[in-house]
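The values are calculated or read from the model by the stated rules, or taken from the named source; none is laboratory data. Just so it is clear, the structure is predicted and the values come from calculations on it, not from any experiment. As a convention, Cβ positions derive from the backbone with ideal geometry for all residues, glycine included, and neighbour counts pool all protein chains shown. Accessible surface areas use protein heavy atoms only, side chains included; no ligands, DNA or RNA. Shrake-Rupley method; radii C 1.70, N 1.55, O 1.52, S 1.80 Å.
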Amino acid sequence: MQSYTIGQAARLLGVSPDTARRWADAGRVPTHRDDTGRRLIDGKDLAAFSVELAGSGGDEEGGASYTSARNAFPGIVTAIKLGDVAAQVDIQAGPHRLVSLLTREAVEELGLEVGMEATARVKSTNVHIDRL
């Protein structure tokens, strides 16, 4: 399972590292330390927290936006629903929830898992997923 530093988690949540650190200090998101003493957040815990934060309107940082001229939304995979042929992947990119419908084969080739960092790229009505 992928883990994230406080700084990486802050970027994915669309907040400052200080805000992410305060949330970790308050126990809002569980952390553990690696061999070098850095605090890390497990991907599944970060995914769950990002969904909770977005659901609560968690605009505590003043509304950082992930919209860019290239329409790329870096975020964290929060859900994957696999069917026999098709799949649904949900990504939480700061305050934005993006859903992509793609083939099961594409999800498996990308090795996507809940808690993994990914970028949703939007063009017209299509959402493409890039594994980072």
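Values as computed for the structure displayed
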{"item": "Lys, Arg +1 and Asp, Glu -1 on Cβ, resulting dipole of the chain about Cα centre, debye, nearest 20", "result": "260 debye"}
{"item": "Label-point separation, Ala26 to Glu113 (7 Å along Cα→Cβ), nm", "result": "3.0 nm"}
{"item": "In order through segment 116-122: 3J(HN,Hα) via Karplus (6.51 cos²θ - 1.76 cosθ + 1.60), integer Hz, x for Gly, Pro", "result": "8, 6, 8, 10, 8, 10, 10"}
{"item": "Rounded accessible area of Val127 (nearest 10 Å², 1.4 Å probe)", "result": "40 Å²"}
{"item": "Relative packing of peptides 33-44, 106-117, 7-18 - highest average C-beta neighbours within 10 Å first", "result": "7-18, 106-117, 33-44"}
{"item": "Inverse mean reciprocal Cα-Cα distance (Kirkwood Rh) of segment 75-132, Å", "result": "11.1 Å"}
{"item": "For segment 99-108, 3J(HN,Hα) per residue [Karplus equation, 6.51 cos²θ - 1.76 cosθ + 1.60, θ = phi - 60°, Hz, x = Gly/Pro]", "result": "10, 10, 9, 8, 6, 4, 4, 5, 4, 5"}
{"item": "Length added when fully stretched, Ser56-Asp34, from 0.36 nm per residue minus Cα-Cα", "result": "4.9 nm"}
{"item": "Ranking by accessible area, most exposed first, for Thr119, Thr103 with a 1.4 Å probe", "result": "Thr103, Thr119"}
{"item": "Per-residue HN-Hα couplings for segment 72-86 [Karplus 6.51, -1.76, 1.60; θ = phi - 60°; Hz; x = Gly/Pro]", "result": "9, 10, x, x, 10, 6, 10, 7, 9, 10, 9, x, 5, 10, 9"}
{"item": "Folded to 0 to 90 degrees: helix 43-55 orientation relative to the chain principal axis, Cα", "result": "90 degrees"}
{"item": "Potential extension, Lys81-Asp130 segment - 0.36 nm per residue separation minus Cα distance", "result": "15.9 nm"}
